[in-house]
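J.: Just passing along the structure, written as structure tokens.
Readers should treat all values here as calculations from the given coordinates under stated rules, not as data from a laboratory. It should be emphasised that the depicted structure is a prediction, and the values quoted were computed from it without experimental measurement. Cβ coordinates were reconstructed from backbone atoms using ideal geometry, including for glycine residues, and neighbour counts include every protein chain displayed.
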């Protein structure tokens, strides 16, 4: 049935079982970094080897896979990984968030709310949130074991002392299920609230560091902060130049070499969907309301 | 009149021994210390004084012997039976440890305010303004201008680093502070200032201090009691001025006579 | 605290001291033996005898600074009598804090601490507030004619006489019922010697007991109620 010369989804069955055991343990202990025997993958570290292994271990023939990189479906990394699984697992691939059952992501969470039939797989470069201030792995493990997380606030304190506000804008640490402090991978802190009480299962894979961790569906995820400096999402001054969305995360795109720029949705599928519904940003002409009135 | 001092010892060590291979670094050492008391452990390099300090502070496991400590709730506990979590909480609340090398006792890439605030955040303080105000207060208390609060220790002089290290330890009002050659490696004039500061803080806050030093002048200035060590053994112990002015043991006499008037 | 005039404040019984010089082949240097005397509230006992007779060593033993080889030094401390010989360091420190003060020949300078705080320290140790202790220190320094401009400076740069007046003020600043004086007036001029004698007289009226060494004939006759000749306790005689 499978014409591919590869085993289904590239990894051998024993490896997938090993990874699934790590995933089950990670789901059982939300936010806890479970070690696993990360394999060599046919791509370099930093290109999503952890996420790819998690995806390979959970993918079934009926799944529909979407891969995004910085919110976009059409960047090299996303295209390569999508092609990799299309070839090795022969699964259906998509760029539509709504259609996908498994979404592998680097640096973003889709704008559209995820559902209980979806799994979000994050590519994680550095899984240890405490490393910034405590380089000793033995010490950070003890700190996790004893829930000694004062150091995480030292990092935020330093931000406020230096910039007047919490300047950490991605990799923003969260507390999961009231216990473990976790690095959500380099997603913008704009996306942090989407992790809280999410319908979908969220899995995190760090290939180089051989760690898997998870947020089960409907888990409380709290971004760390101070009483007098509460957590705030990034805010944007403009709506999306293409679709006019004012509630999405925007990328700055340089349009020419004379300082021209525009702000557009980083989630390309979301942006396209809105445009298909008739929403228009200022670069694409009239607001839909104005156009309707003209018709 | 002041209240009668609490005469129940704060910390009691009995029969502490530690060897590295066949070399006894510390053999059968017992001592006790009360609140408000400064005990100096003196000796030359290799005398076992630093090993003893680390055994007392729970930074090293003893081969044999016990350390008992009267916790803040008044209950005296055998340190060996504390869980790792309890021990670490104790170390960052009711105890302090001042290292000779400030880089070991400070986070060198974190601002002074963050260094002082860390213990507060560790015990759950979540108000930035309060943490910062407390840090500024303690900076002033150790004679560092509060406008240096956002500088990193790398921008501080050696003497300031030691004072910052002390502030970082004292912010949770510990009752017992361990000090390992706190003035070692500092210029004489800087030493004098630091010694005077330690002396004043210990007296004002009623701290118990266990101080390791090879400098008898430091011991005389700071300590009430002194313990002379050599080869892992306690050679002589008693009131600091008695031991230095009328040493009984041959080794103590040698030690006292081999330094300029302490 | 006040004491009855005939109350024993300090009782020395068969005290002996020698030095074992381990660095010199363990040679034993006998100093004194058979030292016995009492000191009563409100009197000043002066130890007499030539240099080297062991006067200073006896004072240092009383204060716990030297270790007695044998004998007893019983001090009225709190409600009872406490033997300094063989007392725990804590007990000796408590005696020093509350009962027995010591004025040495020289001030041991503490870096950076202003003169007034050096003087106030024993009063604070005895439990007085910082303000009360400073008030007392100011009165003592005024009495001993130390110019006010020096009070807030550390005494390291003071002259010998100025340092010694700080030292004496410090010695008198506590609430001690027993004061040990080791030639406190040696480096003072006539005016300040008189000021010290006056201080002692006032404290004696309050019931304080003094044990001291005064080489100056004139001062000695003015302060001494009794003179004990230390040559009677020469160790070689007893040996």
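J.: Quick one: if you stick a label point 7 Å off each Cα along the C-beta vector at residue A:117 and residue B:151, how many nm between them?
T.: 6.3
J.: Take the alpha carbon atoms of segment C:22-40, find their center, do the same for segment C:51-102, and report the distance between the two centers in whole angstrom.
T.: Cα centres, segment C:22-40 to segment C:51-102: 15 Å.
J.: Follow-up. Explain nothing, just the number: relative contact order of chain A, from Cα pairs under 8 Å at least 6 residues apart, as a whole percent.
T.: 20
J.: Now for a separate question. State the percent of C-alpha pairs, over all pairs in segment A:136-295, separated by a distance greater than 28 angstrom.
T.: 39
J.: What is the angle, in °, between the Cα long axis of helix B:158-170 and the longest principal axis of the Cα atoms in chain B? Nearest 10 is fine, range 0 to 90.
T.: So the helix axis and the longest Cα principal axis differ by about 80 degrees.
J.: Under a GNM of chain A (C-alpha, springs under 10 Å), which listed residue has the highest mean-square fluctuation: A:149, A:163, A:249?
T.: So, out of A:149, A:163, A:249, the one fluctuating most is A:163.
J.: Going highest first, how would you order A:133-139, A:70-76 by mean Cβ packing within 10 Å?
T.: My ranking of the peptides, most packed first, is A:70-76, A:133-139.
J.: Here's a follow-up. Can you give the FRET efficiency to the nearest 0.05 for residue A:272 and residue B:84, using r as the Cβ-Cβ distance and R₀ = 45 Å?
T.: Taking R0 as 45 Å, the efficiency between residue A:272 and residue B:84 is 0.25.
J.: Distance from a point 7 Å along Cα→Cβ of residue B:133 to each backbone N in segment A:204-231: keep the residues under 11 Å and list them by number.
T.: none
J.: Top mean-square fluctuation among C:42, C:34, C:78, Gaussian network model of chain C, C-alpha springs under 10 Å?
T.: Of C:42, C:34, C:78, the Gaussian network model singles out C:78 as fluctuating most.
J.: Average projected area of the Cα convex hull of segment A:52-111, in nm²?
T.: The Cα convex hull of segment A:52-111, projected and averaged over all directions, gives 3.6 nm².
J.: Å³ per residue of the Cα convex hull, for the protein assembly as shown?
T.: Convex hull of Cα atoms, per residue: 219 Å³.
J.: Residues in segment C:151-182, backbone N under 14 Å from the label point at residue C:194 (7 Å along the Cα-to-beta-carbon vector): list them, ranges by number please.
T.: So the set is empty, nothing qualifies.
J.: Now a separate question. Kindly put A:25, C:55 in sequence by how many other C-beta atoms sit within 10 Å of each C-beta, fewest to most.
T.: A:25, C:55
J.: Assuming a ≥ b ≥ c are the square roots of the Cα gyration tensor eigenvalues, decide whether chain A counts as rounded (a/c under 1.5), prolate (otherwise, with a/b larger than b/c) or oblate.
T.: Oblate shape, in that a/c is at least 1.5 and b/c is the bigger or equal ratio.
J.: Quickly work out the residue A:86-to-residue A:254 label distance, labels modelled 7 Å from Cα along the C-beta direction, and quote it in nm with one decimal.
T.: Label at residue A:254, label at residue A:86, 3.1 nm between them.
J.: If you count, for every residue in A:215-227, the Cβ atoms of partner chains within 10 Å of its Cβ, what is the mean?
T.: Mean inter-chain Cβ contacts per residue within 10 Å come to 1.
J.: List, largest first, the extents of the alpha carbons of chain C along their principal axes, each in whole Å.
T.: 54, 40, 36
J.: Now a separate question. Mind running the shape call on segment B:80-134? Use the C-alpha gyration tensor, a ≥ b ≥ c as the square roots of the eigenvalues: rounded below 1.5 for a/c, prolate if a/b tops b/c, oblate otherwise.
T.: Verdict is oblate for segment B:80-134.
J.: How high is the FRET efficiency between residue B:257 and residue C:36 when r is their beta carbon distance and R₀ equals 41 Å, given to the nearest 0.05?
T.: After rounding to 0.05, the efficiency reads 0.80.
J.: Evaluate peptide B:242-254: per residue, the Cβ atoms of other protein chains within 10 Å of its Cβ; return the mean as an integer.
T.: For this peptide, the per-residue mean of nearby foreign Cβ atoms is 4.
J.: As a test of the definition: which semi-axes, in Å, follow for segment A:182-255 when you take the square root of five times each eigenvalue of its alpha carbon gyration tensor? Largest first, please.
T.: 26, 18, 14
J.: Separate question: With a Förster radius of 60 Å, plug the Cβ-Cβ distance of residue B:30 and residue A:163 into 1/(1 + (r/R0)^6) and report the FRET value to the nearest 0.05.
T.: The computed FRET efficiency comes out at 0.70.
J.: While we're on this one: Compute the relative contact order of segment C:51-202 as a whole-number percentage, counting only Cα pairs closer than 8 Å that sit 6 or more residues apart in sequence.
T.: Computed over segment C:51-202, the figure is 27 percent.
J.: May I pose another question? Going by a ≥ b ≥ c, the root eigenvalues of the Cα gyration tensor, does segment B:72-200 fall in the rounded group (a/c under 1.5), the prolate group (a/b larger than b/c) or the oblate group?
T.: The shape class here is oblate.
J.: Let me ask another. To the nearest 10 degrees, how steep is helix B:112-122 against the longest Cα principal axis of chain B, on a 0 to 90 scale?
T.: 80
J.: With a cut-off of 8 Å between alpha carbons and a minimum separation of six or more residues, what is the relative contact order of segment B:89-196 in percent?
T.: Value for segment B:89-196: 43 percent.
J.: For segment A:4-125, what are Rg and Dmax over the alpha carbons, in angstrom?
T.: 13.5, 37
J.: Taking the Cα centroid of segment C:168-239 and of segment A:154-190, what is the distance between the two, rounded to the nearest whole Å?
T.: 70
J.: Provide the packing ranking of B:211-222, B:51-62, C:79-90, i.e. peptides ordered by the mean count of other C-beta atoms within 10 Å per residue, highest first.
T.: B:211-222, B:51-62, C:79-90
J.: Now for a different question. Taking only Cα atoms, what is the 0 to 90° angle, nearest 10, from helix C:190-205's long axis to the longest principal axis of chain C?
T.: Helix C:190-205 sits at roughly 70 degrees to that axis.
J.: Please give the Cα centre distance for segment B:124-190 versus segment B:1-77, rounded to the nearest Å.
T.: That distance is 25 Å.
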